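Here is the structure we will look at, set down as structure tokens.
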Amino acid sequence: MIERVLEKILFNSRWLLAPIYLGLVIGLIALLVKAGQHILHMLPKLLESKESEVVLDVLSLVDLSLMASLIIIVIFSGYENFVSRIDQGSHPDWPDWMTKIDFTGLKLKLMSSIVAISAIQLLRLFMELGRTSDRDLMWSASIHVVFVVSGLVLAWSDKISGESKGH
């Protein structure tokens with residue numbers, strides 16, 4: 001009896017994740033507001049901006065879109081994997097990937113998004129080379145390399161663990 005009650009409490013504790021996913025939805029709204037602010041800031045000065053400034057502005061939007069996409073992936077696959085199945089039967093435009101990302105896929109997508117975001121930040125620093133110190137550039141490049149190596153190690157370890165399960 002005690003074991004059944006404990007198991008029921010543990011099983012239902014997964015619902016404690018739901019408010020966190022709702023918090024991520026609020027974070028997505030915050031990114032939307034920042035993207036809107038960025039566009040409103042960018043448009044009036046567009047015609048007199050240098051090409052490099054426009055590229056930096058667009059990179060900022062790409063950065064925000066990658067982060068927003070990452071949040072969507074985490075919300076849907078995390079909810080599906082850890083909380084409850086989502087009934088997509090009533091959604092004719094339901095993206096196919098949303099029910100097919102397992103925890104391993106989620107980790108790899110998360111890491112690849114972090115690497116892409118880091119690469120955009122590093123590219124932004126390279127484009128502002130005259131205004132960036134060597135120290136900041138070195139640290140940013142080093143951190144990016146750490147992200148890349150971490151992603152490769154994560155993918156490699158997942159590949160190895162997948163191969164060992166198959167034997």
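The values are calculated or read from the model by the stated rules, or taken from the named source; none is laboratory data. This one's a predicted model, so the numbers in the text were calculated from it and none came from an experiment. Note that we place each Cβ from the backbone using ideal geometry, even for glycine, and neighbour counts take in every protein chain shown.
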I want to confirm something. Restricting to segment 61-87 and keeping residues that are farther than 29 Å from Gln121 by Cβ and of a type in the set (A, V, I, L, M), which single residue is modelled with the highest pLDDT? Val83
Select, from Ser142, Ser118, the only residue that is assigned to a helix (DSSP H, G or I), small (Gly, Ala, Ser), out of contact with any strand residue (DSSP E or B) (no Cβ under 6 Å at 6 or more places or on another chain) and free of Cβ contacts under 8 Å to residues at least 24 places away in the same chain. Ser142
Could you figure out which of (1) farther than 19 Å from Val58 by Cα; (2) surrounded by fewer than 15 Cβ atoms within 10 Å (Cβ to Cβ) isn't true of Leu137? (2)
Just a yes or no: is a residue in segment 3-14 over 23 Å from Ser118 (Cα atoms), out of contact with any helix residue (DSSP H, G or I) (no Cβ under 9 Å at 6 or more places or on another chain) and polar (S, T, N, Q)? yes
Selected residue (criterion: nearest to Asp63 (Cα to Cα)) from residues of segment 140-159 that are among the polar types (S, T, N, Q) and within 20 Å of the chain's Cα centre (by Cα): Ser140
Residues satisfying the stated conditions in segment 47-95, i.e. acidic (Asp, Glu), assigned to a loop (DSSP other than H, G, I, E, B) and surrounded by 12 or more Cβ atoms within 10 Å (Cβ to Cβ): none
